[in-house]
Amino acid sequence: MISILLPVFNAAPYLEACLESIREQSFNDWELLAVNDHSTDDSARILARFAATDPRIQLFDSTEKGIIPALRLAFLHSQGNFITRMDADDLMPVDKLAHLHEALLEQGPGHVITGTVAYFSETDLGDGYKKYQKWLNHLVHHQSHFEDLYRECVLPSPAWLIHRADLISAGAFDANRYPEDYDLCFRFYEQGFKITGIPETVHLWRDHPDRTSRNNPIYADQYYLELKLYWFIKLHYDSSRPLVIWGAGKKGKFMARYCLKHGIPFHWITNNPKKQGINIYDQILTSTEILDSKKDWTIGIAVATPSARKEIEKFLKRKNKQRGKDYFWFC
């Protein structure tokens, strides 16, 4: 059986369609653990109506506020051997659970199965969402999820399936770090799990003005960087290898402040001649020539423009640096 964990907060305009897409799944052996997270709209009544007509749907009211306590409560009551998440304003393609279940049975424990995703909107879909969709699906097609672990969340929260025992070994929803889906992705990496992508579209992501990721500050940029750096220091920082921060924009400065706050020494470089020699936070920005030395550098890159990214990749490849080992993209 697959247990579907569904936190719900003020999702009434979209909730019926979401629940219908779950009930229409071609894979029938599922249970839905829906948690009402203090909704003030008709979400609770809609959930109660569906639960009254389908014994596979269980409804709970969260006593705490927030998506992590809601997920924790749903998981506590779940009974399935396989676990997935769902967002209350999105839709499941009819064969989503079937495709994910089949692939996970084939791959076995130690694997997380995901697939391609598609955003949709009743209004024009923003370029940011289009780019994120394209990037996520590129990871699936190239089976390269963990290569860009620090760039963005590489595993969409409602688009994966995992063995229950594996989720428990990764800490499930015990941590209180936000964004919670990105944090869980890092813990999957820490456990040595392999993400396997299948070509089928397994999730339909609805964009709308009230979407949590648009409005909740826990999904703002600084929280992503805080989380990325927490895990970077834990997983990939080695005090025997000098650390380099590449980039002096907003994100580069955030990384520098984080390292200073936590007593982590670093060199700060930029390929912008106008910024070289500038003192920021009592740190002098230098040129990339520092990388010409034969030191065993660890490089965190906070440069976002596509043209600069291409040039940096070429530069580092000429120096035989490996992405995901010697250098890491943070944007």
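The values are calculated or read from the model by the stated rules, or taken from the named source; none is laboratory data. All figures in this text were calculated on a predicted structure; none of them were measured in a lab. Please note: Cβ atoms are built from the backbone with ideal geometry, for glycine as well, and neighbour counts cover all protein chains shown.
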- Specify which of the listed residues (His111, His101) is surrounded by 13 or more Cβ atoms within 10 Å (Cβ to Cβ), under 26 Å from Glu16 (Cα atoms) and in contact with a strand residue (DSSP E or B) (Cβ under 9 Å, 6 or more places away or on another chain). His101
- Test: Arg318 is surrounded by fewer than 17 Cβ atoms within 10 Å (Cβ to Cβ) and touching a residue at least 40 places away in the same chain (Cβ under 8 Å): no
- Candidate set: region 273-291, residues that are in contact (Cβ under 8 Å) with a residue 12 or more places away in the chain and assigned to a helix (DSSP H, G or I); chosen: the one surrounded by the fewest Cβ atoms within 10 Å (Cβ to Cβ): Ile290
- Query: Is it the case that Tyr258 is within 27 Å of the chain's Cα centre (by Cα) and not in a helix (DSSP H, G or I)?
  - Reply: no
- Failed condition for Val94, given (1) surrounded by 20 or more Cβ atoms within 10 Å (Cβ to Cβ); (2) under 26 Å from Glu16 (Cα atoms): (1)
- Task: Collect the residues in region 203-238 that are modelled with pLDDT under 95, farther than 22 Å from Ile280 by Cα and either assigned to a helix (DSSP H, G or I) or of a type in the set (Gly, Ala, Ser) (or both), keeping them in residue-number order.
- Result: Thr212, Ser213, Arg214, Asn215, Pro217, Ile218, Tyr219, Ala220, Tyr223, Tyr224
- Task: Have a look at His99, His111, His77 and point out the one that is at pLDDT 95 or above, in the same structural domain as Phe27 (by TED's automatic domain parsing) and either farther than 23 Å from Thr196 by Cα or of a type in the set (A, V, I, L, M) (or both).
- Result: His77
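For every residue, the table says whether it meets (1) without any contact (Cβ under 8 Å) to a residue 24 or more places away in the chain; (2) more than 22 Å from Val154 (Cβ to Cβ); (3) not basic (Lys, Arg).
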residue: Glu64; (1), (2), (3): yes, yes, yes
residue: Ala70; (1), (2), (3): no, yes, yes
residue: Leu73; (1), (2), (3): no, yes, yes
residue: Arg85; (1), (2), (3): no, no, no
residue: Asp90; (1), (2), (3): no, no, yes
residue: Leu105; (1), (2), (3): yes, yes, yes
residue: Gly110; (1), (2), (3): no, no, yes
residue: Val117; (1), (2), (3): no, no, yes
residue: Ser121; (1), (2), (3): no, yes, yes
- The lone exception for Gly252 - which of (1) without any contact (Cβ under 8 Å) to a residue 60 or more places away in the chain; (2) surrounded by fewer than 20 Cβ atoms within 10 Å (Cβ to Cβ); (3) within 25 Å of the chain's Cα centre (by Cα) it fails: (2)
- strands (runs of 3 or more DSSP E) fully within region 16-91 counting 1 or more residues that are under 22 Å from the mean Cα position of the chain (by Cα): 30-36, 82-85
- Query: Among (1) over 20 Å from Cys259 (Cα atoms); (2) surrounded by fewer than 17 Cβ atoms within 10 Å (Cβ to Cβ); (3) in contact with a strand residue (DSSP E or B) (Cβ under 8 Å, 6 or more places away or on another chain), which single condition is Ile312 missing?
  - Reply: (2)
- Query: (1) at pLDDT 95 or above; (2) farther than 21 Å from Ser144 by Cα; (3) of a type outside the set (Gly, Ala, Ser): which one isn't true of Thr298, the others all being true?
  - Reply: (2)
- Close pairs (6 angstrom Cβ cut-off, 6 or more residues apart or separate chains): assigned by TED's automatic domain parsing to the domain that holds Leu15 in region 35-50, assigned to a loop (DSSP other than H, G, I, E, B) anywhere: Val35/Ser62; Asp37/Phe9; Asp37/Ser62; His38/Lys65; Ser39/Phe9; Ser39/Asn10; Asp41/Asn10; Ser43/Ala11
- Note on the structure: Quick count over region 102-136, residues being more than 21 Å from Arg187 (Cα to Cα) and part of a strand (DSSP E or B), is 6
- Item | Residue selected from region 1-53 under the condition under 19 Å from Arg206 (Cβ atoms) and among the small types (Gly, Ala, Ser), by the criterion surrounded by the fewest Cβ atoms within 10 Å (Cβ to Cβ) | Ala17
- Specify the residue that is surrounded by the fewest Cβ atoms within 10 Å (Cβ to Cβ); the eligible residues are those in region 56-78 that are among the basic types (Lys, Arg) and farther than 12 Å from Ile4 by Cβ. Lys65
- Query: Taking region 173-199 only, how many residues are more than 19 Å from Tyr224 (Cα to Cα) and buried (at least 20 other Cβ atoms within 10 Å of the Cβ)?
  - Reply: 3
